[in-house]
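Engineer: Quick one: structure below, then a few questions.
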Amino acid sequence: MSDSLKDLESMHVALAEFRKIGKANRLVLLGLLTKEHDVLGDSVEDPLIELRKKYHLLGGRNGNGNNFIQHIKDVRMKTGLGLKEAKDIVESW
């Protein structure tokens, strides 16, 4: 089982337990989690950030020298997504 799947299952269990505790304790827990997040910072990195920067550097979809189709291919290669999903991602940039 992949680590991501294990993490999702753990979050599901934590959420189920969170729903069982009283409101006052939930507020305390949320405060603790907020402080912890401030300490750790946002450690989630966008795996496509370099591709997105390149896309914008070249002027977006209508920029000179920007190959829209090549960006879709790059997203597919990096993520393993299908054509439509990769196209949707590039269009969202």
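Engineer: So, in nm, how far is label residue 36 from label residue 49 when the simple model puts each one 7 Å beyond its Cα toward the Cβ?
Structural biologist: 2.3 nm
Engineer: Suppose R0 equals 35 Å. What FRET efficiency, 1/(1 + (r/R0)^6) with r the Cβ-Cβ distance, do residue 93 and residue 9 give to the nearest 0.05? Mind showing how you got there, number by number?
Structural biologist: Values: r = 32 Å, r/R0 = 0.91.
So, using R0 = 35 Å, E works out to roughly 0.65.
Engineer: Using the per-residue mean of other Cβ atoms lying within 10 Å as a proxy for protection, in what order, highest first, do the peptides 81-93, 10-22 fall? List each step's numbers first, then the result.
Structural biologist: Numbers: 81-93: 13.9, 10-22: 9.8.
So the peptides 81-93, 10-22, ranked by packing, come out 81-93, 10-22.
Engineer: Something else about it: Counting only C-alpha contacts under 8 Å and six or more residues apart, can you give the relative contact order of the range 49-92 as a whole percent? Numbers along the way, then the final one.
Structural biologist: Working: 26 pairs, mean separation 12.7, N = 44.
The normalised contact order for the range 49-92 reaches 29 percent.
Every number here is computed from the coordinates shown, using simple stated rules; none is lab data. Everything numeric in this text was worked out from a predicted model, so none of it was measured. Here the Cβ is made from the backbone with ideal geometry for all residues, glycine too, and neighbour counts use every protein chain on show.
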